[in-house]
Amino acid sequence: MHKILTGATLAIVLSAAPSFAQIVKCGGGFNEFTAAMKAEAINRGHSRSTVDAFFASARQDPATIKADRAQGIFQRPFIDFSRRLISNDRMARGKSMMKRYDSVFDKMEQTYGVSRGVLTAFWAFETDYGAVQGDFNTLNSLMSLSHDCRRPELFQPQVFAALQLFEKGSFNPKTSKGAWAGEIGMVQMLPGDIIEAGVDADGNGSVDLRTSPADALLSGANMLRKLGWRAGEPWLQEVTVPQDLDWSKTGLNTKLSVAEWVGLGVKPRDGSFGASDLPASILLPQGRKGPAFMAYPNFNVYFEWNKSFVYVTTAAYFATRLEGAPVYNAGNPDPAFSGQQMKALQEKLQARGHDVGKVDGILGAMTRAAIQKEQIRLGLPADAWPTAQLLKAL
C-alpha cells in the first residue's frame, strides 16, 4: 500500500506492518549484503536450496532508490492535491465499481465492518482501480530499499516475508512486479501484509491481489480491521465552524466528544453527526479560512496505511464523496507556502526546539503541531496553517 497515482505510480513511505529493528547491516557492496541476507534467512530456518533459489535473481535497482527520493507531490496543499486526485472520471468509475461489485462490498462490510467507500477510494488512489499496479520487480525493490540505509528496518522484514510467500508458491522473485516500495496488487499490499491479512475471498484456493478484486478488497478491509478500524463508525465528515471558535482546540492532538463540539457551535455541513459520545477532532487542512472536517477515531487508522497527512485527508474525504457527501466548501484560505518557504519555516521551528521530523518542505502532522504551538505563543490564530505573518514573527 502507501502510494497514489497521478498518471504514474508515486509511492510514499511506509509499511502498515510493524517496524522492526534492523536485521542485517545496510550499505556496503550489494553482493556482500545479499550474502548476509541469505545467511540470515538460513538462520531463520529456511533451507539453503530455497534461499539460493529465492535470491538468485536479486539485483540492485537504482530506479527504486530514485523513486524513494522523489515525493514532491506531497508538498501540495489539500485543496490542490485533492482536486488533482479526485477527477470526475475517477468519481464515476468508483461509483460504477461499487455497483459492479456490490455483493463483494456487502460481504466486506458484513465481515469486517469497513464501509465500501473507504476501500473504493484506496483502490482508486493506489492503482486506478487495478489499471496501474506498478512494473518494478518486487524483490529487487525490497532488496534495494533494505540495502539502502535510509529505512532498512522497514524493508528487510518484507524480504523475508516475500521468502515465506515464495515457499508457499505464491511469489515468483523473477516475475512478481508492483510498486517501487514493494507493494503488490490492486490495493498495494506488502508481502508481510499479505501473510497477515490476505483473504481468499473468491474461494479459488489462493490469495490473488493482482487479478481478483474480491481478494484485494477483502484483504484490504481485513488489514484495516487489524489496524484498529471500528466497525460501523464514521471516519471523516465536513463541518461548519463558528468564526469565534478557539482555534487552539483544532487539530488531531485535541479530542472532544461530538456533543462537546456541538456545544461549541460546530455543525455538520450535510446530514447528521455520529454518536454524541464519539471522540473527535476538528481538522482544518488549510487553516480556519479553508475546508473544515470532523475526524473520528477511524480517521487515525488511515495513518497506519499511509503517513502522508495530505494523502490521508484526501483518501478519507474521497471515501465520503463516493458515499454521497457533497463537494467540500473550499473557502478562501491564505496562500499556501512553496516548498522552500516550508523548509525555511521548518528550520525556524527546529531552532525553537520543535520536532518537525525531516526538513522536507511537507506540511505533515508534526510540522502542523509545531506551528500551532508557536501560533499560541505568539498570540496568532492557532489553526496550524503557516502564514507569512508567522514566518516573519519567527
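The values are calculated or read from the model by the stated rules, or taken from the named source; none is laboratory data. Everything numeric here is computed off the predicted structure, so don't read it as measured data. Using ideal geometry, Cβ is built from the backbone for each residue, glycine included, and neighbour counts are taken over all protein chains shown. Areas reflect the complete protein model, heavy atoms only, side chains present, ligands, DNA and RNA absent. Shrake-Rupley method; radii C 1.70, N 1.55, O 1.52, S 1.80 Å.
Checking each residue in the stretch 92-147 for being polar (S, T, N, Q) and closer than 24 Å to Phe171 by Cβ picks out Thr127, Gln133, Asn137, Thr138, Asn140, Ser141, Ser144, Ser146. The residue list Thr250, Thr314 contains one member that is over 29 Å from Glu183 (Cβ atoms), open to solvent by less than 30 Å² (accessible area, probe 1.4 Å), among the polar types (S, T, N, Q) and in contact (Cβ under 8 Å) with a residue 24 or more places away in the chain, which is Thr250.
Matching residues to (1) at pLDDT below 95; (2) in contact with a helix residue (DSSP H, G or I) (Cβ under 7 Å, 6 or more places away or on another chain); (3) not hydroxyl-bearing (Ser, Thr, Tyr):
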{"site": "Thr314", "(1), (2), (3)": "no, yes, no"}
{"site": "Glu323", "(1), (2), (3)": "no, yes, yes"}
{"site": "Asn329", "(1), (2), (3)": "no, no, yes"}
{"site": "Pro333", "(1), (2), (3)": "no, no, yes"}
{"site": "Ala336", "(1), (2), (3)": "yes, no, yes"}
{"site": "Lys343", "(1), (2), (3)": "yes, no, yes"}
{"site": "Asp360", "(1), (2), (3)": "yes, no, yes"}
{"site": "Ala388", "(1), (2), (3)": "yes, no, yes"}
{"site": "Leu391", "(1), (2), (3)": "yes, yes, yes"}
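Looking only at residues in the stretch 201-235 that are polar (S, T, N, Q) and under 11 Å from Met108 (Cα atoms), the one that is surrounded by the most Cβ atoms within 10 Å (Cβ to Cβ) is Ser219. Taking the criterion of being among the polar types (S, T, N, Q), farther than 24 Å from Lys95 by Cα and part of a loop (DSSP other than H, G, I, E, B), the residues of the stretch 274-325 that qualify are Ser276, Gln286, Ser308. Scanning for something in contact with a helix residue (DSSP H, G or I) (Cβ under 8 Å, 6 or more places away or on another chain), among the polar types (S, T, N, Q) and under 18 Å from Gly178 (Cα atoms), does the stretch 37-58 turn up at least one residue? Scanning the stretch 37-58, I find at least one residue that is in contact with a helix residue (DSSP H, G or I) (Cβ under 8 Å, 6 or more places away or on another chain), among the polar types (S, T, N, Q) and under 18 Å from Gly178 (Cα atoms), so the answer is yes. The criterion of being of a type in the set (Gly, Ala, Ser) and surrounded by fewer than 22 Cβ atoms within 10 Å (Cβ to Cβ) does not hold for Gly198.
What helices (runs of 4 or more DSSP H) lie completely within the stretch 60-173 and have 2 or more residues being open to solvent by 50 Å² or more (accessible area, probe 1.4 Å)?
62-69, 78-85, 88-100, 102-112, 152-167
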